[in-house]
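Asks: Sending over a structure as structure tokens; questions will come in a sec.
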Amino acid sequence: MLQKLFNNINSGYVNGFFNFGEKLEINGGLRAEQSLREVKYRTSGDASIDKFRKSKKDKLDIMPSINVKYSLNEKNNIRFAGSKTITRPISIEIMPINYINPDGTSEQGNLFLNNSDNINLDLKYEIFPNSNEIIVLGVFGKQITNPIERIFISSAGGGNATTYQNSKDATLFGAE
């Protein structure tokens, strides 16, 4: 099998920082990304074919972000951050070939994987006991659309192979 992977990402970013008095700061931005991913490949049955098969994904993503800081007093802040980000599949996850790992396990890529869209939220309470110390209590959450997950499929010889697929969504949250 012969494969070729082409990834191209062009992006631009604008950002604004605003102070509203001495207590409130807002930093907001917007990122635009134009991405193109093209995989050209031949399978073992294509040996007599001169042309490659193609899989192409072309997408424009708009990703806003905001970070707000409110100073309660000199020793306490509240921060909120929110953003949209993207998780892209890596080469081994999308290339339509079987890999045999050093431990003998098998992995197979999936051409039909989509990028994951992530909405990230973070809320923190900051305490400054003195000038060189900080204590931070925070909660965070992430909502993922099209998360990439590892699954097992049957393979030749009665074993299992690992491959990848998009799930519908996932929610992560925690405290620190």
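The values are calculated or read from the model by the stated rules, or taken from the named source; none is laboratory data. Note that the structure is a prediction, hence the values are computed from the model and not measured. Neighbour counts are summed over all protein chains in view; Cβ atoms, including those assigned to glycine, are modelled from backbone coordinates with ideal geometry. Quick note on the areas: whole protein, heavy atoms, side chains included, nothing else; ligands and nucleic acids left out. Shrake-Rupley method; radii C 1.70, N 1.55, O 1.52, S 1.80 Å.
Asks: Being more than 30 Å from Asn7 (Cα to Cα) and open to solvent by 70 Å² or more (accessible area, probe 1.4 Å) is the filter here; which residues of the range 51-71 pass it?
Replies: Tyr70
Asks: So, one more: Name the residue that is nearest to Asn160 (Cα to Cα), counting only residues in the range 119-140 that are surrounded by 15 or more Cβ atoms within 10 Å (Cβ to Cβ) and in contact with a Leu (Cβ under 9 Å, 6 or more places away or on another chain).
Replies: Step by step, filter the range 119-140, then rank; the result is Phe140.
Asks: On the basis of being over 21 Å from Ile119 (Cβ atoms) and open to solvent by 40 Å² or more (accessible area, probe 1.4 Å), does Asn15 make the cut?
Replies: no
Asks: Tell me, please, whether a residue that is of a type in the set (Gly, Ala, Ser) and touching a Leu at 6+ places or on another chain (Cβ under 8 Å) can be found in the range 82-96.
Replies: Yes, the range 82-96 has at least one match.
Asks: Within the range 72-82, which residues are surrounded by 15 or more Cβ atoms within 10 Å (Cβ to Cβ) and either touching a Pro at 6+ places or on another chain (Cβ under 7 Å) or more than 18 Å from Val14 (Cβ to Cβ) (or both)?
Replies: Within the range 72-82, Asn77, Arg79 qualify.
Residue-wise test of (1) surrounded by 14 or more Cβ atoms within 10 Å (Cβ to Cβ); (2) out of contact with any strand residue (DSSP E or B) (no Cβ under 9 Å at 6 or more places or on another chain).
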{"residue": "Pro89", "(1), (2)": "yes, no"}
{"residue": "Met95", "(1), (2)": "yes, no"}
{"residue": "Gly104", "(1), (2)": "no, yes"}
{"residue": "Gln108", "(1), (2)": "yes, no"}
{"residue": "Asn115", "(1), (2)": "yes, no"}
{"residue": "Gln143", "(1), (2)": "yes, no"}
{"residue": "Gly159", "(1), (2)": "no, no"}
{"residue": "Ala175", "(1), (2)": "no, no"}
